[in-house]
Structures are given as C-alpha cells and as structure tokens.
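Below: the structure, in structure tokens.
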2 protein chains.
Amino acid sequence: MDLKAYMSERKTLVDNFLLSAATGEDVMPSSLHRSMRYSLEAGGKRVRPVLAIAAAEAVTGKQAQDIPGLMAAACSLEFIHTYSLVHDDLPAMDDDDFRRGRPTNHKVFGEAVAILAGDALLTYAFELLADPKYSGGMDSARSVAVIREIAYAAGSMGMVGGQVVDIESEGGGEVDFATLEYIHTHKTGALILASVRTGAIAAGADGRQLDALSRFGTHAGLAFQVADDILDIIGTQEETGKDVGSDIARGKKTYPALIGLEESKLRAKELADAAVDALSIFGAEADPLREIARYIVSRNN
Amino acid sequence: MDLKAYMSERKTLVDNFLLSAATGEDVMPSSLHRSMRYSLEAGGKRVRPVLAIAAAEAVTGKQAQDIPGLMAAACSLEFIHTYSLVHDDLPAMDDDDFRRGRPTNHKVFGEAVAILAGDALLTYAFELLADPKYSGGMDSARSVAVIREIAYAAGSMGMVGGQVVDIESEGGGEVDFATLEYIHTHKTGALILASVRTGAIAAGADGRQLDALSRFGTHAGLAFQVADDILDIIGTQEETGKDVGSDIARGKKTYPALIGLEESKLRAKELADAAVDALSIFGAEADPLREIARYIVSRNN
C-alpha cells in the first residue's frame, strides 16, 4: 500500500473537519479564537486523528466518513494535542520561542491568552464529542466511553502526569530508566494509545479487537517517543523544525542519553515489530496501521 | 425554610463526593495530585454544585442522592470552577498571591505544576461525567447533554471568553456597559447558568421546566457578579478573604465604578427578583433556589 497517499488523504479529511469545527477568528473574543486557530493551523502530521481513523477502518473495513461520529472523535484528539503543545511551550514550562518554524503561541498572543487558548482548546475537545452537530449519529453510550477514554489519557494519570514528571526530572540529577519510561508512556504514549482505542470504540470494536488494538497502541506510542528522542540527536533542524539536541541542551533525559544511540534504535525497531505483531487477528484492512508503526521509527521528522 | 442548614447539608454532600472522587495525594505524580487537592480543599461555598442540586431537587422533588449521576454532574462544575481559579491567579493573569486566606496554588507548587494542575482539574471534570464509577446510573444521552452543556459554558464562548475580555479590558481606557455585561455574563454567569441547567438535565426536566430554570440561572448568575463587585468595595478583608478594593486597584471595571454603588445595589436586587419570578411554575420544592437567589445579593462574603 501507499502509506504516503493514505496519510495525506486522511490528513486532508482531518484538516477540513478540524478547521470547520473550530470557531471563526471573527467571533468574539477575536484574540482568543485567533490564538486557538493559530496553533490548530500550525499543522503537523495529525498522527493522533489518523491513528484513530486507521483503527476504526481496521475494525469495520469502512471509510472514515461512513463511521458515525468518528471524525469528531479523531479531531478531539488533535484539539487536546494542540492545547498540550501551547501549554508546554509556555515560559513556566519548556519556554520555547519556536514550534514548527513559527513563533510559539504566547510569543504572538501573550502568555495570558496562550494559557486561556490552551484551556479553551482542551474544553472544546469535549464539546465536540458531545455536540450532535459534530458527533451526530454516534450512539450515546459509545460517546460516553470515548469521552472517558480521552479524559483519562489526557489527565493527571496520563499526559499531564507525564509532563509533570518530565519537568521535575529536568536539569536535576540522575533519572533512572523506570522514570524515563514513565514519562514516555504517559506524556505521549497515553494519548497515542487513546487515539487507537478511541477509533476502535467509535467503530464498535469487540473485546478481542479492542485488546489487540490496545497492545498495538501501547507499543506504537512508546516507539513514537523513542524515535523522537533519536531524532532530537540525528535530525536536522530543517527536518524537525526545532534545534538539534534541544532536549539534551535543557537537560531532558532521553533514550539515547540513557542507553545509547544504537541500543535506542534497536529498541524502537523492536517496539514497532511488537506493534505489528499485535495486529495478527486483522487482515489487510489493518495494513495502514502496520505501515504507520514502521513509519514511526523510520521517519526523519 | 432554613437556607443556612440547607446549604450546609448540601455543601457537606459535595465536599464528601468531591474529595473522595479526587485522586489521592500519594498517587504518582504526587506533587500534581497534592496541588490539585490543595485547591479543591480550599473550599468556598460550593455555590455551583449546590445550585445544580437545588435545581434537580426542584424538578424531581427528590433528594440529591436519589437522582442517578447528579452528584458527579454537580461536582464536575466545582472541578471546573477550581481550575479556573488556579489559572486566574497565575502571574500572567491576575497575579494573586492569596486566595481565601491561603497562598495561591502557584505560590506553593510553582507555576508549571499550577498550570498543569489546572489542566488536570478541567480534564477530570469530564472524566467524572463519563466514568460509570461516579456518574453510574445516569442515562448516556443525558450524560452527553450535560457534558455538552458544561463544555460550552466553560469554553471560549463562555467562561474562558469572559476571562479574555476581562484581562484585555484591564488597566486600559474606557470600558462601556456592554463590555462589562459581556464579561460578567461570560466569566461567571455562563457556568452558574450551566450549573442550574446541568442539575435540571440530570433530573430529566421537561422543556418548560428547563426554560424556567434557564431564566432563573441567567438572572441569578448576573446578580452573583454584581453582588461580587459591590462586595469588593464594601466587604472587609476578613469577610471576602481578599484585599478590599483589589478589583479597583488593578483597574478592573465593576458595576459600582460604571453606574455607582446605589444603582448597583438596586440592579442586584432587581436581578434576584427576576430570578425568583422565573420560578413561578414550581411549588415549594423550588424554595431553596428562591432563597439562594435572595442570599446571593445579601451575602457579605
């Protein structure tokens, strides 16, 4: 299959849905809505929504548009991912001036509006999931299950928890491997796992399918982060859009720093293989997920 | 009826549910969960959950505990209110060092953890609404309706929108009456209206009841804020827990500043009367709501 074409088509679907669901820049308060759209439009690969869509397609064999409420569920993950980037970049957190080659949100709109835009993006993720205009057609019980899944993954036991431990380990003394894995499985892994599970739940997966996809999501999520650590060292600024070695410069602990570059590459490949293995109960309809797992560890940005 | 006893009993119900639902301080990351509980435990009168409970009791004539999922819905409003206070107090926003006589969250836990604790409290509000362990028994369609209601009220078209306009109007030049009413109806009014509506929806209110309670919530929400503005001038620090005249000191526009103190008192009373009038279709089961509306404009803290 042609993964590039698959990802590009799904990304277009996501971009269209996302930007038509987001409130217009002219709606009061205009600064807030401009700030929200600024970060939503910054783009990226929309990995989380694409994973949700690919999981739902693997379960049903149907196209994304034919699965009720799937696009709202997929896009809510991107609203949450976007809010987390806006808050992570704040001076009190990572204090980043650039993201994807553009000034960060607070650099353009000021800290107060950036904090509030993040809050509103997070809140809007749940509105999208509960508004029949967007999630219409999804069974209410499924909507509630998806909301629970995403809220848990994004909260203090998931993404936010990982960010806290990441910040607390920064600059400080020794970080052991268990702490590094905690950070990775929570800060990025939890929402990636939730993306896969959200797609599966929206598509009505049975217990066996949800199990298999959960194993896929766990391995793929960790592979994604190990690959990110590797890219921080070997990627060029042009490819990654951020300074090379910026994680190391601010004392962040990474896989290569703890277990070496070659060992990290091996670990990333093992994780991608384990993700692919988890999909054995699925036929060709899960090929996009398999290719995405392989792409995660071979990408260069 | 004895409003004091009513409020105190409902507040105890809320405190018990809230603190048993909130994650324990010993759960990793402990700093995050301590920070969340620090602000949840700071207390206050739990006005929003009590309003939700009173609205649900008015609709059903039943006790709060006998209405499935009501306590989760009521407490989710307090999680959201609490997050909004944590973020409002941040240096980039109102830059407050004290709240309710205690150091603000970021003064104790640092800015990064305070931002993340706010994020996690907001996220947890939705988890609570979607987790059968807490909202169990509420019909899924009702859960989705409540989630939509709360997300809309807390988001860019509600509370967060009001906070943005408030910050942008601060210190600057003239603020006209329309802008002041926008700030008040959005920053505090939206969530108070949503509290009443949430209780009504959780209790299965019909269209006519929901309509009446929405009018009550709109008037009561605005009355609450006008009374708050008045208290900022005439309340003592002991009563309000913040510096007297602190709104004025930072150039915030208030009702008394725009229309004078006596006119503001009159307006608050008119709004409370309009709130009470909206309840004419209800019998004695709405007496707590009526008393709360009167209390809002007569309280001294």
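Of the residues screened, A:Phe177 is not one that is closer than 21 Å to A:Arg37 by Cα, touching a helix residue (DSSP H, G or I) at 6+ places or on another chain (Cβ under 7 Å), in contact (Cβ under 8 Å) with a residue 12 or more places away in the chain and more than 8 Å from chain B (Cβ to nearest Cβ).
Pairs meeting the criteria (first residue in region B:281-297 and free of Cβ contacts under 8 Å to residues at least 60 places away in the same chain, second residue open to solvent by 20 Å² or more (accessible area, probe 1.4 Å), beta carbons under 6 Å, at least 6 apart or on different chains) are B:Arg290/B:Val276.
Counting only residues that are under 21 Å from A:Met7 (Cα atoms), within 12 Å of chain B (Cβ to nearest Cβ) and not polar (S, T, N, Q), how many does region A:73-94 have?
2
Table: residues versus (1) closer than 20 Å to B:Ala73 by Cβ; (2) assigned to a helix (DSSP H, G or I); (3) open to solvent by 10 Å² or more (accessible area, probe 1.4 Å); (4) at pLDDT 95 or above.
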residue: B:Met157; (1), (2), (3), (4): no, no, yes, yes
residue: B:Gln163; (1), (2), (3), (4): no, yes, no, yes
residue: B:Glu174; (1), (2), (3), (4): no, no, yes, no
residue: B:Ala178; (1), (2), (3), (4): no, yes, yes, no
residue: B:His186; (1), (2), (3), (4): no, yes, yes, yes
residue: B:Ile192; (1), (2), (3), (4): yes, yes, no, yes
residue: B:Ser195; (1), (2), (3), (4): yes, yes, no, yes
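Determine whether A:Glu238 is among the acidic types (Asp, Glu), at pLDDT below 90 and out of contact with any Ser or Thr (no Cβ under 7 Å at 6 or more places or on another chain). So A:Glu238 fits the description; yes.
Residues are listed down the side, and each one gets a yes or a no for (1) surrounded by 18 or more Cβ atoms within 10 Å (Cβ to Cβ); (2) more than 30 Å from B:Ala145 (Cβ to Cβ):
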site	(1), (2)
B:Leu3	no, no
B:Gly24	no, yes
B:Gly44	no, no
B:Thr60	yes, no
B:Gly101	no, yes
B:His106	yes, yes
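With respect to the conditions (1) polar (S, T, N, Q); (2) buried (at least 17 other Cβ atoms within 10 Å of the Cβ); (3) without any contact (Cβ under 8 Å) to a residue 12 or more places away in the chain, A:Ser39 falls short on a single one, namely (3). I'd like to verify a number: residues in region B:255-280 that are surrounded by fewer than 17 Cβ atoms within 10 Å (Cβ to Cβ), outside any helix (DSSP H, G or I) and in contact (Cβ under 8 Å) with a residue 24 or more places away in the chain, how many? Selection size over region B:255-280: 1.
One line per residue, one yes/no per condition, for (1) of a type in the set (S, T, N, Q); (2) open to solvent by 10 Å² or more (accessible area, probe 1.4 Å):
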| position | (1), (2) |
| --- | --- |
| B:Leu51 | no, no |
| B:Ala72 | no, no |
| B:Ser84 | yes, yes |
| B:Pro91 | no, yes |
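Taking the condition within 25 Å of B:Leu261 (Cβ to Cβ), more than 12 Å from chain A (Cβ to nearest Cβ) and among the β-branched types (Val, Ile, Thr), does B:Val226 pass? Yes; evaluated as a whole, the condition is true for this residue.
Of the residues that make up region B:115-131, is at least one open to solvent by 30 Å² or more (accessible area, probe 1.4 Å), at the interface with another protein chain (Cβ under 8 Å from one of its Cβ atoms) and among the acidic types (Asp, Glu)?
no
Checking region B:7-18 against the condition returns no match, with no residue being among the hydroxyl-bearing types (Ser, Thr, Tyr) and over 17 Å from the mean Cα position of the chain (by Cα).
Of all the residues in region A:95-114, those that are in contact with an Asp or Glu (Cβ under 7 Å, 6 or more places away or on another chain), more than 10 Å from chain B (Cβ to nearest Cβ) and not acidic (Asp, Glu) number 5. For B:Glu78, the conditions (1) of a type in the set (D, E, K, R); (2) touching a Phe, Trp or Tyr at 6+ places or on another chain (Cβ under 8 Å); (3) open to solvent by less than 30 Å² (accessible area, probe 1.4 Å) are fulfilled apart from (2). As for region B:42-52, it holds at least one residue that is more than 17 Å from B:Leu191 (Cβ to Cβ) and either at pLDDT 95 or above or among the small types (Gly, Ala, Ser) (or both). Beta carbons closer than 6 Å, at least 6 apart along the sequence or on distinct chains, pair a first residue in region A:132-154 that is facing another protein chain (nearest Cβ under 8 Å) and within 20 Å of B:Ala73 (Cβ to Cβ) with a second that is open to solvent by 40 Å² or more (accessible area, probe 1.4 Å) and among the aliphatic types (A, V, I, L, M) for A:Ser140/B:Ala141.
The values are calculated or read from the model by the stated rules, or taken from the named source; none is laboratory data. Fair warning: this is a prediction, and the values are worked out from it, not measured in the lab. For neighbour counting, all protein chains shown are included, and Cβ atoms are generated from backbone atoms with ideal geometry for every residue, glycine included. Heavy atoms of the whole protein, side chains included, go into the accessibility calculation; ligands, DNA and RNA do not. Shrake-Rupley method; radii C 1.70, N 1.55, O 1.52, S 1.80 Å.
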